[in-house]
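To start, the structure itself, in structure tokens.
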Amino acid sequence: MTTTVKNFLRKRGDSYPIDVYVVDDGGLPVDITDATFLLTVDPGEAPTTDAGNEFQSTGAITGVATNGLVRFAITAAQADLLGVFFYDVQMTASGGEITTILEGSITFDQDITKD
């Protein structure tokens, strides 16, 4: 499975989830039964430690595991950021094999409405 690069643009404080489809190199859904997922966001593109991580979110398999859909909940507090940040998503398969399946940047733009 190849690591996919995808960049996101969000408004500061927006708390809608990030949905990720796990697909093979041919674009077909991967059976993610018993796999676990972790999304990590950091201000650095290549951090050497996790000390600067802004936040992490554990993914939840959504729907039927054979469809490969994982949902990451993002709270308003976690999204209370401005600027460009970097992320990756790691999948740990049921056998313990770890694969980085997605990476890229998340840009948080200033919003107008403040709650």
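The charge dipole of the chain, taken about its Cα centre with unit charges on the Cβ of Lys, Arg, Asp and Glu (plus for the first two, minus for the last two), comes to roughly 320 debye.
Annotation note: GluC sites (Glu not before Pro) in segment 33-103 located in DSSP loop regions with a Cβ neighbour count of at most 14 within 10 Å are GLU45, GLU97. Since only THR3, GLY95, TYR21 are under comparison, the one whose Cα sits farthest along the positive direction of the charge dipole of the chain, derived from C-beta charges on Lys, Arg, Asp and Glu, is TYR21.
Would you mind calculating the relative contact order of segment 4-109 from Cα pairs under 8 angstrom and at least 6 residues apart, reporting the percent as a whole number? Relative contact order for segment 4-109 comes out at 39 percent. When the Cα positions of ALA76, ALA65, PRO43 are compared along the charge dipole of the chain, ALA76 comes out farthest toward the positive end, with charges on each C-beta of Lys, Arg, Asp and Glu. Over segment 4-109, the hull volume per residue, using the convex hull of the C-alpha atoms, is 99 Å³. Placing a pseudo-label 7 Å from each Cα along the Cα-to-Cβ vector at THR100 and ILE112 gives an inter-label distance of 3.8 nm.
None of the figures in this text is laboratory data; all of them are computed from the coordinates on show. Source: prediction; values computed, not measured. Neighbour counts are summed over all protein chains in view; Cβ atoms, including those assigned to glycine, are modelled from backbone coordinates with ideal geometry.
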